[in-house]
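Below you'll find the structure, written out as structure tokens, and then a few comments.
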Amino acid sequence: MAPVPAGEAFSERQNDDIVRAIRLARQQSDLPVSVYVGTLEGDPRDLAMVLHGALGAAAEQSVLVAVDPGARRLEIVTGKGVRRRLDDRSAGLAAMAMTSAFQGGDLSGGIASGILSLAEHAHTPRSLHTGTR
Amino acid sequence: MSARTLSALQEYDDGEVPAEGISDLAALLVYVGIPALLFLVIAVLVLAPSMARGPRYRPGLGWWAAPVWFNGPDDADSAVRHATATAEGGGASARW
């Protein structure tokens, strides 16, 4: 059965939750997060990589969270540059936090808490003695 | 039963004042209309919150909405068409 788009994916309030989480990640950890919610046709991982690549010049420092609610797939793609402070184990932990919420039917809440989890792991405390930020 | 006791039954008690019966329409309104109205009010009270929230995601029942991309490229279609897939990326995959 082909998916027929009907209606908005999220209510205004759910939208705000996700947007706020993205903003917090940027403010607290300087982590640009992009969230795609829709079908991932073909190989989900490959398509998620393409979507991550579509972020352009910012891709290397960005994290893409791709969610396919229909196929129940979640892909987190981290750019080459951001991978240093956000390793795959941390991404896996965030993925687990998200999927456990998704199982309960809470799509926006899972995405928001997953983003915050990513931000928390990517957080690098400012060192005061090396002169670098 | 004798005629005397029968007529005694039809008499009214002290202080009892007989009133006119209500019409069919009034009876219908009171015994059908009001309960139906009450039923409707309760049904609305129960259903309104979930209707206000809109359709809810339920795992296993498919997905109905158009794709959304938060913090994505400005022109998503052309960006995806001209994109080169990230090669040295990391991350995680999960199912639920």
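Read-outs: derived from the displayed coordinates by stated rules, not from any lab. None of the values given here were measured: they were computed from a predicted structure. Every residue, glycine as well, gets a Cβ built from its backbone with ideal geometry; the counts of neighbours run over all protein chains shown.
For A:Asp46 and B:Asp74, FRET efficiency with R0 = 30 Å and r from the beta-carbon atoms, rounded to 0.05? The value I calculate is 0.80.
Other protein chain C-beta atoms within 10 Å of residue C-beta, averaged over B:36-47: 0.
Between the helical axis of B:34-53 and the longest alpha-carbon principal axis of chain B there is an angle of about 10 degrees.
Show that you can apply the helix-only estimate: for chain B, add -39,500 (n - 2.57) for every DSSP H stretch of four or more residues, divide by all residues, and state [θ] at 222 nm to the nearest 500. Present the calculation step by step, with values, prior to reporting the outcome.
Details: 4 runs with 38 residues, N = 96.
Here the helix-only value at 222 nm equals -11500 deg cm²/dmol.
For region B:53-96, the alpha-carbon coordinates run over 36, 26, 16 Å along the three principal axes, in decreasing order. Taking the three principal axes of the alpha carbon atoms in chain A, the coordinate ranges are 59, 30, 24 Å, sorted in descending order. In the frame of its principal axes, the protein assembly as shown has Cα extents of 114, 48, 30 Å, reported largest first.
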